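Undergrad: Would you mind keeping the following structure in view while I ask a few things?
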Amino acid sequence: MTTTPTTPPLPAVSPERYAEIAAAVEREIGRVIVGQHALVRTVLVCMLCEGHVLLEGVPGLGKTQLLKTLSEVVDLEFSRVQFTPDLMPADIVGTQVLEEDESGRRTFRFGAGPVFANLVLADEINRATPKTQSALLEAMQERAVTVAGATRPLPRPFLVMATQNPLEMEGTYPLPEAQLDRFLLKALVPFPSADDLVAVVERTTSGAAVDLDTVADVPTITAMVELTREVPVASHVLRHAVDLVVATHPDHESAPPGIRTYVRFGSSPRGAQAMVLAAKAAALLDGRPNVSIDDIRAVATPALRHRLVLGYEASADGVTADDLVAGVLDQVGAPTAGLRGAP
Amino acid sequence: MTPTEAPAAAPRRSAEPLPGAGDSELLSPEAIGLLRGVGRRLRLAWGFAWVQLLAPVVVVTALALVIIGRVRPWGWTEPVAIAVTVAGVVAVAIGALTLRIPLGLSARATDRGLATRDAFATALELDDHDRDGPFGSRVRARADALAEDRSPGEAVAVRAAWGPWAVAAVAALAAVTLGLVANPQDQIREQQAAEQALVAEEAEALREAAEELRADPAATAADVALAERLEELAVGLDEAQSLDEAEALLAEAEAELRAAVEPDLLAQKAAAQGLDKGLASAPLPATEGGDAAAQLEQAAASLDQRSAAEKEELATRLESLAETQAAGNPEAADALDAAAAALRSGDDAAAAASMTTAAGAQRSSSASAAAQESRQRASGGVGEARQRVAKGPGSPGSGEGRGEGEGEGEGEGEGEGDGDGDGAGSGQGKGQGQGQGQGEGEGGGQGQGGGAQGQVGGANGSTGSGQGGQGTPDGTGTNDAPAVEQDPTVFDPGVATDGETLDAGGTPNGGDSTEVGKGQGTSTAGGSRVPVSGALPRYEEKATRALDQAKVPPSVRSLVDDYFRRLAQR
């Protein structure tokens, strides 16, 4: 007897529609951004998880263009803040402005800052002072800002995409670990291949303008964000994410030698949360209704690389966080059925 | 977040146990059938994996045991090798049959084997929220779709690793080959088994002897103690690890039992039995029969009814009896003499008391002799067992032995003559002889062999001859050619060829007295030589048995008794 599953009333966005919209977004972005498919996928995953993303790469690789394109494709409100050392918190969250009406009566009006947008591009976030950084990071965490005693929620979905330039570190203020932890994923923006670079040059030096299609609106994206969290996860998959996080702690027995040598502090629990959430979005983007071990392992590096606090030995030996996460993945390994002879 | 960011090949590791999957009804029968088939397949794969892991270890262990069995005479190595192999197979089989494989485990194995990205495991773990959500039906439908046209064999492949199997095959072949080739240790093992059987046989014989002692209705406390000692000795033999140890135990027991036998046992026994049998054949006057003690007591009780002549006759008889008891039972002899004297002096009361004392001494002597005889028999039995153990179970030998024997004997006789006017007389004689013999043998075979001892009974006028037994290459062979022994004669004046003539001591009473001679015989060279101390116990035992015959007169017993006593004193 074949069991006929009874599908409950579909939400505004079904899983199938979810995958279609995501594919359309990627396709439209691909019309502007040459290559960088992994980067596009990472940003898309963060948007669908309503998680913030930190992009690190040298200038000129299309980070800003990617986010602008994304905002156009999904019809989300976009704002950009260029972080500089003289940037003040009010320049981000907004401030009270004294206004005088026609009758001469003066009142304070809240002038919303650029953070009041669905997509906020915090360009070169490490160039602002910690005070300014913390203003944005508080908004990232609370998804609300408090000015003059009034708390004002930020629009949903709210997604901060911050960029960092790994060069020109002079006069920068590296983000503290606690603030880095608030980014769902950290993506490295690679230099394009020669072929991709040829295409980039062709597109950017010609007069042809790309007319992007808007494939989703705010309600659709909000529904997709909610749907992402509904994806079921098997217990052993969840456990594997936790095992990976635990293995990043140098004092834990499952930690590989590299972690013990180069890591001062391992990932916070947010690392496991980020992996599971990102894996859910990745599964849906892949057209699957459940999270797999491979999904977890695929997002482990972007979810954990910025959550490891490395010691000076790592810098001295040229060991990167990505190397250490790879060591963790090797050490922990994909779980088997737990039975000799079983696959 | 691309596949390239994940490690290409991550090692597997064991995961935590899965929760029980009790929601199998949510999946299609085909999917459930696939998972159950995977469970059976997992059982097979588990057993195969363990066999593959253990086979080299078990077979190499068995091979090592077989090799050890070829260099050491241990009989347990090959059976243990077989047992280890069988135990390994049985353990894996039992483990595979009793292995608990929940459906969740099958689901995870299926997911990994079919690369279904955890579809089955997730489908089995859907909770109520998931089932009612947008993904419940889709997860189940996906699992059902993935189960179509898939077989458990695809999910769980049973793959053989050639390395372990090659090692196991080579080791097994070597073990079987060595097991089939003749093992040089087998002969040693057989020898050890024969030795153990011999020791066990001796232990059993000791137990039977002890049982007989206990079963005897007339068994005394000494008999019971002796039985316990024999049983203790049997236990010691059971626990003995070698023939030497068993022999030492037997020698110790033999010495212990022999020490408990008084040197004049034969005299005591001869006296006691002689008195009983003498009075049985010629009861005391006016008694109703019975043993000697009873007759003495009856006579003591009826003294007041006897006439003077009868008392004189009784006194004479008592004196005669006293003489026969002088050697073996001095207490009885003294009492009998005292009784005779009292009778002659008319002191009936003293005579009665002395006769009662004599009766008690007779009973005591009989009991003592019986007890000592038991010990002596036991000692003899233990000694024989010791000799058998010392000789070992025997093994084929090819040596040759040669022995020479020489005997010497001394004879000594005493005679009593009692004659009457008709010229008829009778005499008693007592002789003593000693013989010595030694045997030496040399074995051939591999050039050296231990010749067995030759034994010869040297006696007065007798000749001893001995023949060395076959030696064995290792000197422990069976002496299957026992020494030829010429029966010794206790005393035979007629063959004394060069002895001095002795007065038999008899007092002629109008008749012809008999003279018995005392000869210093010359021995004839025999085939072997043994020290007299080695032959004496056996001779003594035989003589003791001979004394048990009713036809042997008491005087002869005293003669034999003196003979061995003197030998022992020398």
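Undergrad: For region A:231-333, count all C-alpha to C-alpha pairs, find those more than 25 Å apart, and express that count as a whole percent of the total. Each step should come with its number before you reach the end.
TA: Numbers: 937 of 5253 pairs.
Percentage above 25 Å: 18.
Undergrad: Also, quick follow-up: What average count of beta carbons from other chains do you get within 10 Å of the Cβ of residues in B:154-163?
TA: Working: counts 0, 3, 5, 2, 1, 1, 0, 0, 0, 0.
What the average comes to for B:154-163 is 1.
Undergrad: Taking every pair of Cα atoms in region B:273-374, average 1/r, invert it to obtain the Kirkwood radius, and report Rg/Rh to two decimals. Write out the running numbers ahead of the final one.
TA: Numbers: Rg = 12.5 Å, Rh = 13.1 Å.
Ratio value, two decimals: 0.96.
Undergrad: So, one more: Report, please, the projected area of region A:52-139 averaged over directions, based on the convex hull of its C-alpha atoms, in nm².
TA: So the mean shadow area of the Cα hull is 7.3 nm².
Undergrad: Using DSSP, restrict attention to beta bridges with both residues in chain A and report what percent are antiparallel, rounded to the nearest 5.
TA: 40
Undergrad: Starting from the amide H of A:Arg264, placed 1.01 Å from N in the peptide plane, find each other amide H under 5 Å away whose residue is 5 or more places distant or on another chain.
TA: HN-HN under 5 Å from A:Arg264: A:Val309, A:Leu310, A:Gly311.
Undergrad: Here's something else I'd like to know. Among B:Phe48, B:Phe120, which comes first, then next, by fewest other beta-carbon atoms within 10 Å?
TA: With the sparsest Cβ surroundings first, the list reads B:Phe48, B:Phe120.
Undergrad: How shielded is B:120-127 by partner chains, expressed as the average number of their Cβ atoms within 10 Å of its Cβ atoms?
TA: 5
Undergrad: Next question, about the same structure. Run the quick spin-label model on A:Arg106 and B:Lys542: label points 7 Å from Cα toward the beta carbon, then report their separation in nm to one decimal.
TA: Distance between label points: 15.2 nm.
Undergrad: Another question about this same structure. Between rounded, prolate and oblate, where does region B:17-180 land on the alpha carbon gyration tensor, with a ≥ b ≥ c its root eigenvalues, rounded for a/c under 1.5, else prolate if a/b exceeds b/c?
TA: Prolate, because a/c is 1.5 or more and a/b exceeds b/c.
Undergrad: Under Stokes-Einstein, with the Kirkwood radius over Cα pairs standing in for Rh, what whole-number D in µm²/s applies to chain A at 20 °C and 1.002 mPa s? Don't skip to the answer; put the middle values down first.
TA: Numbers: Rh = 21.7 Å.
Value of D from the Cα-based Kirkwood radius: 99 µm²/s.
Undergrad: Provide A:Met275, A:Met161, A:Met140 in ascending order of the number of other Cβ atoms located within 10 Å of each residue's Cβ, fewest first.
TA: Least to most surrounded, the residues fall as A:Met140, A:Met161, A:Met275.
Undergrad: Averaged across A:326-336, how many Cβ atoms of other chains sit within 10 Å of each residue's Cβ atom? Walk me through the intermediate numbers first.
TA: Numbers: counts 5, 1, 1, 5, 4, 3, 3, 8, 9, 8, 8.
Mean number of neighbouring Cβ atoms from other chains: 5.
Undergrad: What's the ranking of B:28-39, B:96-107, B:536-547 by average number of surrounding C-beta atoms within 10 Å, highest first?
TA: B:28-39, B:96-107, B:536-547
Undergrad: Projected area of region B:186-393, taken from the Cα convex hull and averaged over every viewing direction, in nm²?
TA: 12.7
None of the figures in this text is laboratory data; all of them are computed from the coordinates on show. Quick caveat, the model's predicted, so the values are computed rather than measured. Cβ coordinates were reconstructed from backbone atoms using ideal geometry, including for glycine residues, and neighbour counts include every protein chain displayed.
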